[in-house]
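Chemist: The structure that follows is given in the form of structure tokens.
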Amino acid sequence: MIKIENLKKSFGNNEVLKGISTEIKEKEVIAVIGPSGSGKSTFLRCINRLEEPTSGDITVGDTLITEKNVMKVRENLGMVFQHFHLFPHKTVLENLIYAPMNVKGISKQEATEIADELLRKVGLYEKRDEYPNRLSGGQKQRVAIARALAMNPTVMLFDEPTSALDPEMVKEVLAVMKSLAESGMTMIIVTHEMGFAREVADRILFLDGGYLVEDATPDEFFSSPKSARAKDFLDKVL
Amino acid sequence: MFDFSKVVPSIPYILQGIGVTLQIVIFATIVGLVLGILLALCKIGSIKPLKWFAEFYTSIFRGTPLVLQLMLIYYAIPQFIGTNIDPIPAAIIAFGLNSGAYVSEIIRAGINAVDKGQQEAARALGVPYAKMMKDIILPQAMKNILPSLMNEFITLNKESAIVTVIGALDIMRRAYVVGGSTFRYFEPLLIAGVIYYIMTLVLTFLGRTIEKRMRRSD
């Protein structure tokens, strides 16, 4: 589904990703974890070219992502941000139907039907005509997930989706993500929620210092990490 | 001391200047706004020559007197093109070009103040650059800069009085003409002042109304 080959990214003289290769299969749920500054978010943002990789190839489906086709590929890669980034001047419903109408060119009626269904799924149908500023953090993030899903993507990317939330709102967002995983969505999740990663992910990618240090199942990773760095990290967070 | 009796018959004449002033201000505002948005997009864009042009343009129009620009267009340009330009179109061009420079700076600052995450979200959804600017970034920028924009147009409304120097029959010019023919300057100038003041109040009120409408999403 997604193939990443020798991905490198530098900001000026600072090399954040030092050559990462991995493959993600359809319907796989990947949790990307690691200490802050390990390059997790940059890794995720390189996949849909929000950051331009310094070198390396990324293939989504059969398509090698280039400068030219990135817009088309992005339609298939839904992204959820730490700080939601809902469009504040649009209502919840307008947030959901904007891209399907303006990028995919589907009719307002059809887009609205899809949006209504998604809002019901994330439990926010009754908020469809509210503006984002009137929602709680957890509600905003659920809308943001629905907005990404409205494009009917084949892969969902999550960039620390619960890190900006108050503790009592983390659960509702994780619940939505879990049901999404159960429905068979391919997901790549950068997260600090170890419990969630262990429960929901099929594979853990542990990044440290710009390298992919471990690539293991949650059981392997959490009960018997191979590298000293992963052990050290788990000692600190668990 | 005041004697309005000689001036009263000329009041309708002065009032007719409102139409001329409004005509200049409204069209110059439209030119300024469109030009300002285009220049602002050039300034924040990645195409270097356009960026340089927009910055050079702004520095020229902000760095020279408006009355000079007006005179260049009305008196000097016809020297090259061989036909005269009427005072009102000349004023619209001069004020529009000048206002565009100021408006572009206001809009550029407004665009930069929009959270960078908004662009990222739009890009991640596959929204093309032009649509992103038109539907996502500019509406948010406009909301933030509306007070500065209104200020610019209020200034333009008052500054338009300098069309007097090229003989356009606006409020100011008419008041001056009435002064000259009745030998009483204070009264017609006072009337002109009141008219400008009322126009400014109306503009301010309009601005507040638009602002309120745009704050719906807060």
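Chemist: Could you figure out which of (1) on the phi > 0 side of the Ramachandran plot; (2) within 11 Å of another protein chain (Cβ to nearest Cβ) isn't true of A:Gly19?
Modeler: A:Gly19 satisfies all of (1) on the phi > 0 side of the Ramachandran plot; (2) within 11 Å of another protein chain (Cβ to nearest Cβ) except (2).
Chemist: Sticking with this one: Can you tell me which residue among A:Gly34, A:Gly56, A:Gly39 is touching a helix residue (DSSP H, G or I) at 6+ places or on another chain (Cβ under 6 Å) and over 19 Å from A:Pro153 (Cβ atoms)?
Modeler: Of A:Gly34, A:Gly56, A:Gly39, the one residue that is touching a helix residue (DSSP H, G or I) at 6+ places or on another chain (Cβ under 6 Å) and over 19 Å from A:Pro153 (Cβ atoms) is A:Gly34.
Chemist: Among the listed residues B:Arg173, B:Arg208, B:Arg184, B:Arg215, identify the single one that is open to solvent by 60 Å² or more (accessible area, probe 1.4 Å) and either at pLDDT 95 or above or within 14 Å of chain A (Cβ to nearest Cβ) (or both).
Modeler: Result of the check over B:Arg173, B:Arg208, B:Arg184, B:Arg215: B:Arg215.
Chemist: Need the failing condition index for A:Gly56 against (1) out of contact with any Lys or Arg (no Cβ under 6 Å at 6 or more places or on another chain); (2) over 24 Å from B:Val114 (Cβ atoms), just the number.
Modeler: (1)
Chemist: Separate question: Counting only residues that are under 30 Å from B:Ile60 (Cβ atoms) and surrounded by fewer than 20 Cβ atoms within 10 Å (Cβ to Cβ), which one in the range B:107-118 is nearest to the other protein chains (Cβ to nearest Cβ)?
Modeler: The selected residue is B:Val114.
Chemist: Only one of (1) open to solvent by 30 Å² or more (accessible area, probe 1.4 Å); (2) farther than 21 Å from A:Val92 by Cβ; (3) of a type outside the set (Phe, Trp, Tyr); (4) in contact (Cβ under 8 Å) with a residue 24 or more places away in the chain is not met by A:Ser183, so which one is it?
Modeler: Every listed condition holds for A:Ser183 apart from (4).
Chemist: May I pose another question? Among (1) touching a Ser or Thr at 6+ places or on another chain (Cβ under 7 Å); (2) open to solvent by 50 Å² or more (accessible area, probe 1.4 Å), where does B:Gly36 come up short?
Modeler: So B:Gly36 meets the others, but not (2).
Chemist: May I ask you to list the residues in the range B:46-67 that are more than 17 Å from B:Phe27 (Cβ to Cβ) and open to solvent by less than 80 Å² (accessible area, probe 1.4 Å)?
Modeler: If the condition is that a residue be more than 17 Å from B:Phe27 (Cβ to Cβ) and open to solvent by less than 80 Å² (accessible area, probe 1.4 Å), then B:Leu50, B:Lys51, B:Ala54, B:Tyr57, B:Thr58, B:Ser59, B:Ile60, B:Phe61, B:Gly63, B:Thr64, B:Pro65, B:Val67 are the ones that fit.
Chemist: Being buried (at least 18 other Cβ atoms within 10 Å of the Cβ), more than 24 Å from A:Tyr98 (Cβ to Cβ), without any contact (Cβ under 8 Å) to a residue 60 or more places away in the chain and more than 14 Å from chain A (Cβ to nearest Cβ) is the requirement here; does B:Gly179 meet it?
Modeler: yes
Chemist: Taking the options B:Gly96, B:Gly167, name whichever one is open to solvent by 10 Å² or more (accessible area, probe 1.4 Å), out of contact with any His (no Cβ under 6 Å at 6 or more places or on another chain) and away from chain A (no Cβ under 14 Å).
Modeler: B:Gly167
Chemist: Can you find a residue in the range A:53-65 that is more than 14 Å from chain B (Cβ to nearest Cβ), touching a Gly at 6+ places or on another chain (Cβ under 9 Å) and open to solvent by 10 Å² or more (accessible area, probe 1.4 Å)?
Modeler: Looking for residues that are more than 14 Å from chain B (Cβ to nearest Cβ), touching a Gly at 6+ places or on another chain (Cβ under 9 Å) and open to solvent by 10 Å² or more (accessible area, probe 1.4 Å), one finds at least one in the range A:53-65, hence yes.
Chemist: Which of the numbered conditions does B:Arg123 fail, given that it passes all the others? Conditions: (1) more than 30 Å from A:Leu149 (Cβ to Cβ); (2) within 14 Å of another protein chain (Cβ to nearest Cβ).
Modeler: Every listed condition holds for B:Arg123 apart from (1).
Chemist: Can you tell which of B:Ser160, B:Ser148 is within 20 Å of A:Pro88 (Cβ to Cβ) and more than 14 Å from chain A (Cβ to nearest Cβ)?
Modeler: Selected residue: B:Ser148, the only one of B:Ser160, B:Ser148 that is within 20 Å of A:Pro88 (Cβ to Cβ) and more than 14 Å from chain A (Cβ to nearest Cβ).
Chemist: Another question about this same structure. Looking for whichever is among the basic types (Lys, Arg) and not in a helix (DSSP H, G or I) here; the options are B:Arg174, B:Arg184, B:Arg213, B:Arg208. Which one fits?
Modeler: B:Arg184
Chemist: Can you tell me how many residues in the range A:119-146 are within 11 Å of chain B (Cβ to nearest Cβ), open to solvent by 10 Å² or more (accessible area, probe 1.4 Å), assigned to a helix (DSSP H, G or I) and touching a residue at least 24 places away in the same chain (Cβ under 8 Å)?
Modeler: Count: 1.
Chemist: May I pose another question? For A:Ser21, all conditions in the list (1) more than 30 Å from A:Glu220 (Cα to Cα); (2) modelled with pLDDT of 90 or more; (3) surrounded by fewer than 22 Cβ atoms within 10 Å (Cβ to Cβ) hold save one; what is the number of the exception?
Modeler: (1)
Chemist: Which of (1) open to solvent by less than 10 Å² (accessible area, probe 1.4 Å); (2) at the interface with another protein chain (Cβ under 8 Å from one of its Cβ atoms); (3) at pLDDT 95 or above is the odd one out, the single condition A:Tyr98 does not satisfy?
Modeler: Here A:Tyr98 clears every test but (1).
Chemist: Further question: Name the pairs: first residue in the range A:75-91 and more than 7 Å from chain B (Cβ to nearest Cβ) and in contact (Cβ under 8 Å) with a residue 12 or more places away in the chain, second residue buried (at least 24 other Cβ atoms within 10 Å of the Cβ) and among the aromatic types (Phe, Trp, Tyr), Cβ to Cβ under 6 Å, at least 6 apart or on different chains?
Modeler: A:Val80/A:Phe158
Chemist: Let me ask another. Step by step: first the residues of the range A:43-52, then only those that are without any contact (Cβ under 8 Å) to a residue 60 or more places away in the chain and open to solvent by 20 Å² or more (accessible area, probe 1.4 Å), then the one that is nearest to the other protein chains (Cβ to nearest Cβ). Which residue is that?
Modeler: A:Arg49
Chemist: Here is a follow-up. Would you check if B:Ile18 is touching a residue at least 60 places away in the same chain (Cβ under 8 Å), of a type in the set (A, V, I, L, M), at negative phi and open to solvent by less than 60 Å² (accessible area, probe 1.4 Å)?
Modeler: yes
The values are calculated or read from the model by the stated rules, or taken from the named source; none is laboratory data. All values reported here derive from a predicted model rather than from experimental measurement. Neighbour counts are summed over all protein chains in view; Cβ atoms, including those assigned to glycine, are modelled from backbone coordinates with ideal geometry. Ligands, DNA and RNA are excluded from the accessible area calculation, which covers all protein heavy atoms including side chains. Shrake-Rupley method; radii C 1.70, N 1.55, O 1.52, S 1.80 Å.
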